[in-house]
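The values are calculated or read from the model by the stated rules, or taken from the named source; none is laboratory data. Keep in mind that what you see is a predicted model, and the values were worked out from it rather than measured. Note: accessible area is taken over every heavy atom of the protein model, side chains too, but ligands, DNA and RNA are not part of it. Shrake-Rupley method; radii C 1.70, N 1.55, O 1.52, S 1.80 Å.
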Amino acid sequence: MSVILVTGSYDHEIRFWEAWSGICSRTIARSGESGQVNRLAISPDKRLLAAAIHKKVYIYEITSTSSTPLTCLDAHTNNVTSVSFHSEGKWLVTGSEDGTIRIWDLRSTQVHRTYDNGAPGKYYPFFHDLNDVCVHPNQGELISCDQAGCIKQWDLSENLCSHELTPAGDVPIRSVSLASDGSCLVAGNNKGKCYVWKINEEKSDLPRYQAVTKFSAHKKYLTRVLLSPDVKYLATCSADTTVKIWSISQNYEFRQEKILQGHQRWVWDCAFSADSAYLVTASSDHTARLWEMASGETVRQYNGHHKGETPPAAVCCALHDGAG
């Protein structure tokens, strides 16, 4: 399978698609099971799919035809909101609304390490919910964002939080994205604002995270920010039904290049192709779309997630078309 495209939905299903034909090649129905599919991640070697489903993470074999997962990672006590593989594929990182980040050893399926983002309080029950976690390209750090408006760097070697950013006070940070070359960090908040930091070497005299710009990407709720693999573009998804594409100059000037229009409801998630030429999006209109970056046009639409569910939503997607 050279191109792996997967979507997940509130209809509880996970669907594999033939990217160019738009045909659904496999459905993991999960009949009789509860819990919406929150996030998806494909392992670097294209062998495994990690699906965050309510409080648990299920690991599926991509080449299998079975709907039975290889294993289930069960330790979080609330919704799992983020899932990503370490570069070697032996570790999985998850973040949850229970306020913890967990690193899993996929060989033993045990929790290797837990980072506590702070337990929810009596008066602020959602204050420390984690909304997103990503792995730094150096594989030695994690970046998280939460409902309290905090962005944190967690050092895997020293087992601690070494940096904290609060760009907009207590406005929740919804999504974070790191450049593939480790050069910059982008964060998006609930009010549609984006914040950008240049990442300097720890050994330099400059701050680790050097604020370079901020801008209003959407007037409505922002759901996802994602830097392209070539770090030339930023995609922002929103409740306003659009995806905006921003070009990035060498001195970190962000210019709106295109507005991808076609979805009828909130756009929740997106994923770039390895060559940054295509973007996949997932929306509450129960469809996913493949967009050509050069033209800004939809080249394929993926229909199939059940319309009868409330809400009817394709809420997450994953794409892996690079080397396995």
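General remarks:
- Over segment 3-153: Rg over Rh, Cα atoms, Kirkwood Rh: 0.98
- In the context of the full protein assembly, Trp20 retains an accessible surface of approximately 140 Å², using a probe radius of 1.4 Å and ignoring ligands and nucleic acids.
- For segment 121-259, relative contact order (Cα pairs under 8 Å, six or more residues apart, normalised by length) works out to 14 percent.
- His163 - accessible surface, heavy atoms, 1.4 Å probe, Å² rounded to 10: 50
- Rounded to the nearest 10 Å², the accessible area of Asp11 at probe 1.4 Å: 10
- A straight chain from Thr27 to Glu292 at 0.36 nm per residue would run longer than the Cα-Cα distance by 92.9 nm.
- Surface composition of the chain: carbon and sulfur atoms hold 47% of the protein heavy-atom accessible area at a 1.4 Å probe.
- Heavy atoms of the protein chains alone define the surface here; on that basis segment 55-205 has 44 Å² accessible area per residue at 1.4 Å probe size.
- Average Cα contact separation per residue, the chain, under 8 Å, 6 or more apart, as relative contact order %: 14
- Accessible area in square angstrom per residue, segment 215-321, 1.4 angstrom probe: 42
- Accessible surface computed residue by residue for segment 1-47, with neighbouring protein chains in place and a 1.4 Å probe, gives 41 Å² per residue.
- GNM flexibility winner over the chain from Val299, Val135, Val243 (Cα, springs under 10 Å): Val299
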